[in-house]
Amino acid sequence: MRVISGSARGKALLSVPGDTTRPILDRVKKPLFDILRPTIEGTIWLDLFAGSGGVGIEALSEGAGHCTFVDLEPKAVTTIKKNLEDTALSERAEVYNSDAFQFLRRARRTYDYIYVAPPQYKGLWNEAMMNIAERTHLLSPQARVIIQIDPKEYEELSLNTLQKIEERKYGKTLLVFWSKKEL
């Protein structure tokens, strides 16, 4: 696992020890950031269920202004902090050892991107989307929420404040993009 582009390009990233996380594969990360690259500069990110921090670190490397990383697993938090140090991106990041849903309930910052990659097959992505939809103050007007799940987990969601705008499948990974509904 490595940073694919930007200021930290080519830097290796540590994986979280054990099998509690599933890092994003380069064959998914590269097309994701090819899509997002034109809009990343200066944006504010939230990397929920952050694991090793690969997505948020990639965003910072490509010019995001700030990223907040949230993971419940202490080993993941330690790994994120080490990866941020190794890529010299710590100054534009905050790392929280917290339950994602508790974090969302307390969060006050507004984000341009929220990346959600929860443990698989537990329905956590649905719960995360419902929590985010209830807290639109967390989303800037142009915000995007991106879900990373196994395609088998996907089910249509009807949310009052968010709308699905696109989905992309890369092998056993599905990325679903959401934006705020225009009211």
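Quick rundown of the values:
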{"item": "Exclusive hit being small (G, A, S) and in contact with a Gly (Cβ under 8 Å, 6 or more places away or on another chain), set A117, A143", "result": "A117"}
{"item": "Odd one out for A64 among (1) under 14 Å from L13 (Cβ atoms); (2) surrounded by 22 or more Cβ atoms within 10 Å (Cβ to Cβ); (3) among the small types (G, A, S)", "result": "(1)"}
{"item": "Residue match in region 86-98 (condition: within 15 Å of the chain's Cα centre (by Cα) and part of a helix (DSSP H, G or I))", "result": "no"}
{"item": "Whichever residue in region 1-55 is under 17 Å from A76 (Cβ atoms) and of a type in the set (S, T, N, Q) and, among such residues, is modelled with the lowest pLDDT", "result": "T20"}
{"item": "Subset of region 109-122 that is in contact (Cβ under 8 Å) with a residue 12 or more places away in the chain and either in a loop (DSSP other than H, G, I, E, B) or among the basic types (K, R) (or both) - its residue that is farthest from L60 (Cα to Cα)", "result": "Y121"}
{"item": "Residue count, region 162-181 (criterion: over 17 Å from the mean Cα position of the chain (by Cα) and of a type in the set (S, T, N, Q))", "result": "1"}
{"item": "Region 5-18 residues that are touching a residue at least 12 places away in the same chain (Cβ under 8 Å) and under 17 Å from G63 (Cβ atoms), paired with ones that are part of a loop (DSSP other than H, G, I, E, B) and among the polar types (S, T, N, Q) (beta carbon under 7 Å, 6 or more apart)", "result": "A8/T87; K11/T87"}
{"item": "The listed residue being under 22 Å from Q142 (Cα atoms), aromatic (F, W, Y), without any contact (Cβ under 8 Å) to a residue 40 or more places away in the chain and surrounded by fewer than 20 Cβ atoms within 10 Å (Cβ to Cβ), out of F69, F101, F33", "result": "F33"}
{"item": "Hey, R92 within 27 Å of K11 (Cα to Cα) and in contact with a Cys (Cβ under 8 Å, 6 or more places away or on another chain) or not", "result": "yes"}
{"item": "Test for S140: is it assigned to a strand (DSSP E or B) and farther than 19 Å from K29 by Cβ", "result": "yes"}
{"item": "Residue among A107, A88, A100, A76 that is touching a strand residue (DSSP E or B) at 6+ places or on another chain (Cβ under 6 Å) and of a type outside the set (S, T, N, Q)", "result": "A100"}
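The values are calculated or read from the model by the stated rules, or taken from the named source; none is laboratory data. Predicted model, so just to flag it, every value in this text is computed and none were measured. Ideal geometry is used to build each Cβ from the backbone, glycine not excepted, and the neighbour counts take in all protein chains shown.
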